[in-house]
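Before any comments, here is the structure.
The values are calculated or read from the model by the stated rules, or taken from the named source; none is laboratory data. For clarity, every value in this text was computed on a predicted model and none was experimentally measured. Neighbour counts are summed over all protein chains in view; Cβ atoms, including those assigned to glycine, are modelled from backbone coordinates with ideal geometry.
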Amino acid sequence: MGENCCCQEKDCCRTKERSPEEYRKLYNRLSRVEGQIRGLKGMLEKNAYCPDILAQSAAAAAALNAFSRELLASHIRSCVVEDIRAGKDETVEELLLTLQKFMK
């Protein structure tokens, strides 16, 4: 575990090197979500009409789901494939648990 690890579990502090392009795409998606959340706060502060806030909330949720789908696809294409090729079959169980959390 690294010096800056915040927990005691053996796998919680794993890291992933991302290409500059992958990092930029994911970061930009999160920035859009962040902007939408700020927009929601502003709408609430201005006493916007409920359906308008709900429409913005749905857009923010969809944007966050798009981020998660992109990250999951990247994870499968890189980490999961690499681990399976290296004989780490436990990665399949980890992926299944991740999918269960993702689909709640």
Exclusive hit being within 13 Å of the chain's Cα centre (by Cα) and surrounded by 12 or more Cβ atoms within 10 Å (Cβ to Cβ), set Leu99, Leu30: Leu30
Tell me, please, whether a residue that is assigned to a helix (DSSP H, G or I), surrounded by 12 or more Cβ atoms within 10 Å (Cβ to Cβ) and of a type in the set (Lys, Arg) can be found in segment 36-53. no
Conditions (1) outside any helix (DSSP H, G or I); (2) at pLDDT 95 or above -> Phe67 fails only (1)
Inter-residue pairs, beta-carbon under 6 Å, first among the charged types (D, E, K, R) and in segment 28-49, second assigned to a helix (DSSP H, G or I), 6+ apart: Arg29/Phe67; Arg32/Ala63
Count of residues meeting criterion [over 15 Å from Leu30 (Cβ atoms), exposed (fewer than 13 other Cβ atoms within 10 Å of the Cβ) and within 11 Å of the chain's Cα centre (by Cα)] in segment 62-83: 1
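Here's the yes/no breakdown for (1) modelled with pLDDT of 95 or more; (2) of a type in the set (A, V, I, L, M):
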residue: Cys6; (1), (2): no, no
residue: Cys13; (1), (2): no, no
residue: Lys16; (1), (2): no, no
residue: Leu26; (1), (2): yes, yes
residue: Val33; (1), (2): yes, yes
residue: Gln36; (1), (2): yes, no
residue: Met43; (1), (2): yes, yes
residue: Lys46; (1), (2): yes, no
Could you say which residue among Ala86, Ala59 is at pLDDT 95 or above, surrounded by 12 or more Cβ atoms within 10 Å (Cβ to Cβ), over 14 Å from Lys16 (Cβ atoms) and of a type in the set (A, V, I, L, M)? Ala59
